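*Asks:* Pasting in a structure now, in structure tokens, and then I'll have a few things to ask.
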Amino acid sequence: MAARELTLSGAPVLMYHGLAASLPAAVGAREAKYWVSPAAFARHLAQIREAGQRVRRLYDFWSGAADGPDNRSAIVLTIDDGRATDYEVAFPLLLAAGVRAEFFVNTATIERPGHLTWSQIVEMHRAGMSFQSHAHDHVLLPGMPARLLRNELETSKRLIEERVGRGVDFLAAPYGLLDRRVIAAARDVGYQAVCSSLSWPARPGRTVVNRVVVHRDTTAARFAAILARQPSAFLPSVARAALTYLPRRVLLKVRPRQLGAHLHLEDA
Ligand SMILES: [Zn+2]
């Protein structure tokens, strides 16, 4: 019998940022690794279809309505930061592939240069795309005073709901940094769950939804391994996340317990 690698249960919730063939001038070197080319994004959508995977709405996956107990065939697409390329590049590719994605937007940056406008958001929503909260501003939520934190979470939820006329169920923490206080505040404000940047398949019904970052340098082979739920496709990213968080922690003087996702691996 051929050796078979253990596969993980749950569904990869993929996280993208901007999409562009060449980087916009405003995008700094540190951010560049998160920008995926339109050709790569189109190839990912094709790979998902060829692998027999189904793109699910985050809520449908999370509520357990979409698939069987192991979520072997569910994939969720999410795109953060509300860039103009969400409309210009991602939206037509998603429509062409006949799939839907979740867009996590910062409501403070809507209508700003390089970002989505409300009319684009409404148009995308009418075409089946889903809009969720990335907080009002793109700020670090852990350590924020309680009143300001609540305002970040409440304002973005309310503004999106008012404009698109549909409930906002999920918060994606800017920089993927979470702590228990942020999670509690989000639940209190009415979010069902909070998305982290822990590169591991997500499980339905959990308060923290793990998401897998897709990088500019993510190869077709690694993407296929993510779809196949092979542990080796996820572990390097967990290591990379740890390396990313450590200098940030030192830099911002965030106490270890305020650090995000890895603390929620066991109890997510
Ligand atoms: Zn972000």
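The values are calculated or read from the model by the stated rules, or taken from the named source; none is laboratory data. Quantities reported herein were computed from a predicted structural model and do not represent experimental measurements. Neighbour counts are summed over all protein chains in view; Cβ atoms, including those assigned to glycine, are modelled from backbone coordinates with ideal geometry.
*Asks:* Restricting to region 148-176, and then to whatever is over 15 Å from GLN192 (Cα atoms) and among the hydroxyl-bearing types (Ser, Thr, Tyr), can you tell me which residue is nearest to the ligand (Cβ to nearest atom)?
*Replies:* Ranking the qualifying residues of region 148-176, first place goes to TYR175.
*Asks:* How many of the residues making up region 154-183 are more than 15 Å from GLU102 (Cα to Cα), at pLDDT 95 or above, of a type in the set (A, V, I, L, M) and surrounded by fewer than 24 Cβ atoms within 10 Å (Cβ to Cβ)?
*Replies:* Residues flagged as more than 15 Å from GLU102 (Cα to Cα), at pLDDT 95 or above, of a type in the set (A, V, I, L, M) and surrounded by fewer than 24 Cβ atoms within 10 Å (Cβ to Cβ) within region 154-183 amount to 2.
*Asks:* If you don't mind, another one. Can you name the residue in region 118-147 that is of a type in the set (Ser, Thr, Tyr) and in contact (Cβ under 8 Å) with a residue 24 or more places away in the chain and, of all such residues, is nearest to the ligand (Cβ to nearest atom)? Quick ask: steps written out before the conclusion?
*Replies:* Here is the first cut: in region 118-147, the ones of a type in the set (Ser, Thr, Tyr) are 119, 130, 133.
If we keep only those that are in contact (Cβ under 8 Å) with a residue 24 or more places away in the chain too, we end up with 130, 133.
On the way: SER130: 17, SER133: 11 Å.
Here the residue is SER133.
*Asks:* Testing ARG30 on (1) under 17 Å from the mean Cα position of the chain (by Cα); (2) within 16 Å of the ligand (Cβ to nearest atom); (3) more than 14 Å from VAL89 (Cβ to Cβ), one condition comes back false. Which one is that?
*Replies:* (1)
*Asks:* Taking the conditions exactly as written (under 30 Å from ASN151 (Cα atoms) and in a strand (DSSP E or B)), does THR78 satisfy them or not?
*Replies:* It is true that THR78 is under 30 Å from ASN151 (Cα atoms) and in a strand (DSSP E or B).
Every residue, every condition in (1) within 16 Å of the ligand (Cβ to nearest atom); (2) farther than 22 Å from VAL194 by Cα, yes or no:
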site	(1), (2)
PHE61	no, no
THR85	yes, yes
PHE104	yes, no
PRO113	no, yes
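*Asks:* Follow-up question, since we're still on this one. Given (1) under 11 Å from ALA74 (Cα atoms); (2) touching a residue at least 40 places away in the same chain (Cβ under 8 Å); (3) not in a helix (DSSP H, G or I), where does ILE48 come up short, assuming only one miss?
*Replies:* Among (1) under 11 Å from ALA74 (Cα atoms); (2) touching a residue at least 40 places away in the same chain (Cβ under 8 Å); (3) not in a helix (DSSP H, G or I), the lone unmet condition for ILE48 is (3).
*Asks:* Now, a different point. Considering only region 184-237, state which residues are over 22 Å from PHE103 (Cβ atoms), in contact with a Phe, Trp or Tyr (Cβ under 7 Å, 6 or more places away or on another chain) and aliphatic (A, V, I, L, M).
*Replies:* none
*Asks:* Just a yes or no: is a residue in region 15-25 modelled with pLDDT of 95 or more and within 14 Å of ALA101 (Cα to Cα)?
*Replies:* Yes, that holds for at least one residue.
*Asks:* How many residues does region 177-187 contain that are of a type in the set (Val, Ile, Thr), over 22 Å from ASP60 (Cα atoms) and more than 16 Å from the ligand (Cβ to nearest atom)? Write out each step before concluding.
*Replies:* At the first step, the residues of region 177-187 found to be of a type in the set (Val, Ile, Thr) are 182-183.
Next cut, over 22 Å from ASP60 (Cα atoms) only: 182.
With the extra rule that they be more than 16 Å from the ligand (Cβ to nearest atom), the set shrinks to none.
Counting residues in region 177-187 that are of a type in the set (Val, Ile, Thr), over 22 Å from ASP60 (Cα atoms) and more than 16 Å from the ligand (Cβ to nearest atom) gives 0.
*Asks:* Next up: Taking interchain pairs and intrachain pairs at least six residues apart, which have beta carbon atoms under 6 angstrom, with the first residue in region 5-23 and more than 16 Å from ARG203 (Cβ to Cβ) and the second part of a strand (DSSP E or B) and basic (Lys, Arg)?
*Replies:* Here the result reads GLY18/ARG83, each pair linking region 5-23 to a residue that is part of a strand (DSSP E or B) and basic (Lys, Arg).
*Asks:* Could you check VAL194 against (1) out of contact with any Ser or Thr (no Cβ under 8 Å at 6 or more places or on another chain); (2) within 16 Å of the ligand (Cβ to nearest atom) and say which number it fails?
*Replies:* Here VAL194 clears every test but (1).
*Asks:* Looking only at region 33-57, filter to residues that are away from the ligand (no atom under 16 Å from the Cβ) and among the aliphatic types (A, V, I, L, M); which one of those is farthest from VAL105 (Cα to Cα)?
*Replies:* Filtering first and then ranking leaves ALA51.
*Asks:* Take the conditions closer than 21 Å to TRP35 by Cβ and buried (at least 20 other Cβ atoms within 10 Å of the Cβ) and apply them to HIS134. Does it pass?
*Replies:* Details: closer than 21 Å to TRP35 by Cβ: yes; buried (at least 20 other Cβ atoms within 10 Å of the Cβ): yes.
Criteria met by HIS134.
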